Amino acid sequence: MAETAIRVSGLRKSFGPLEVLKGVDLEVPAGRVTALLGANGAGKTTLVSILTTVLPFDAGTAQVAGFDVAREPAKVRQAITVTGQSVTVDTVLTGQENLAMIARLRHVPKPKQIAAELAEQFGLAEAANKPAGTYSGGMKRRLDIAMSLIGQPRVVFLDEPTTGLDPAGRRDVWAFIESLAAAGTTILLTTQYMEEAARLAHTIALLHGGVISAIGDEAAILRAAGDAPDLESAFLALTEEARS
Ligand SMILES: Nc1ncnc2c1ncn2[C@@H]1O[C@H](COP(=O)(O)OP(=O)(O)O)[C@@H](O)[C@H]1O
Ligand SMILES: [Mg+2]
């Protein structure tokens, strides 16, 4: 059986009277891509923030890379990286400087060399010596993802990595996620796009109504939606009451 990289059981989280997570159960296998799919406001970022030790939770248990999120947050943080919805790139620094800075923070040997290699790999070699503030949205996102790969994290969290990108930028980011996945990194990505989940993920977990309401490969999600004809209608059917 495959190793489990993330194990979540009965996880609950409220913000005041608003119950966002109502008992989330989720197992994410190591070395695979799992997509956490959910409508805007479903609680995807809340779950990612809990798993990355940024946000406390009310009940349940969560382990990441074999460490307990509540009791061993420092060990969890060493094993993971996270790329959030708001890009974390420093716009004054150049692309190369952003990458090298992260490499130094993560105590990676030869930070400058790693920075140059990643810039090349992410199609940023030409722009590497320009301030990141001059980059397009797609370039910034690529730089952000490149930064998240430094130090070979065991688990990479990508929170809506393509939201706000144009189609070309989205395809670029998809290609990078695919190559990362091919190298065997465990990836949990969140998305509002069914198509993106189906294309990138081995497993799709639908977060709806505060729980994982459906999980499996694309065929399993179509079945869960009562044999929906396509992914778009499956997503609409499975998230219906949220919008009514
Ligand atoms: N810090 C917070 N305080 C109060 N409410 C919050 C906070 N963070 C998120 N929420 C609410 O929790 C719900 C889930 O938010 P979020 O996890 O960001 O959803 P998603 O990432 O799926 O769009 C939303 O209704 C949001 O307004
Ligand atoms: Mg979010």
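Numerical summary
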| quantity | calculated |
| --- | --- |
| Cβ crowding within 10 Å averaged over residues, with 145-158, 176-189, 122-135 ranked highest first | 145-158, 176-189, 122-135 |
| Entries of Lys75/Lys110; Lys13/Lys130; Lys22/Lys75; Lys110/Lys130 with Cα pairs more than 32 Å apart | Lys13/Lys130 |
| Whole-number D in µm²/s for region 136-218 (Stokes-Einstein; Kirkwood sum over Cα pairs; 10 °C, 1.306 mPa s) | 118 µm²/s |
| Computed FRET value (nearest 0.05) for Leu236 with Met101, which takes r as the C-beta separation and R₀ as 51 Å | 0.75 |
| Value of D in µm² per second that Stokes-Einstein yields for the chain, Kirkwood Rh from Cα pairs, at 10 °C (1.306 mPa s) | 86 µm²/s |
| Cut-off 20 Å (backbone N to label point 7 Å along Cα→Cβ of Asp90), residues of region 127-154 | 127-136, 139-152 |
| Estimated translational D of region 97-171 in µm²/s (Stokes, Kirkwood radius over Cα pairs; 25 °C; 0.890 mPa s) | 192 µm²/s |
| FRET efficiency, 1/(1 + (r/R0)^6) with R0 45 Å, evaluated for Asn40 and Glu117 via beta carbons | 0.80 |
| Added length on full extension, which subtracts the Cα-Cα distance from 0.36 nm per residue, Asp217 to Thr134 | 25.9 nm |
| Where labels lie 7 Å past Cα in the beta-carbon direction, separation of Asp227 and Arg154 in nm | 4.3 nm |
| Cα-based Kirkwood hydrodynamic radius, region 187-244, one decimal, Å | 11.4 Å |
| Helix-only [θ]222 nm of the chain, DSSP H runs n ≥ 4, -39500 (n - 2.57) each, per residue, nearest 500 | -10500 deg cm²/dmol |
| Equivalent ellipsoid dimensions for region 20-125 as semi-axes, Å, which come from the Cα gyration tensor, largest first | 30, 17, 13 |
| Taking region 172-244 and dividing mean pair separation by its residue count, relative contact order in percent (alpha carbons under 8 Å, at least six apart) | 20 percent |
| Over region 53-193: Rg over Rh, Cα atoms, Kirkwood Rh | 0.97 |
| Region 1-67: radius of gyration over Cα atoms, expressed as a fraction of 2.2 N^0.38 Å | 1.11 |
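All of the numbers you see were taken from the coordinates with simple rules; none came from a lab. Keep in mind that what you see is a predicted model, and the values were worked out from it rather than measured. All Cβ positions, even for glycine, are placed from backbone atoms using ideal geometry, and neighbour counts span all protein chains on display.
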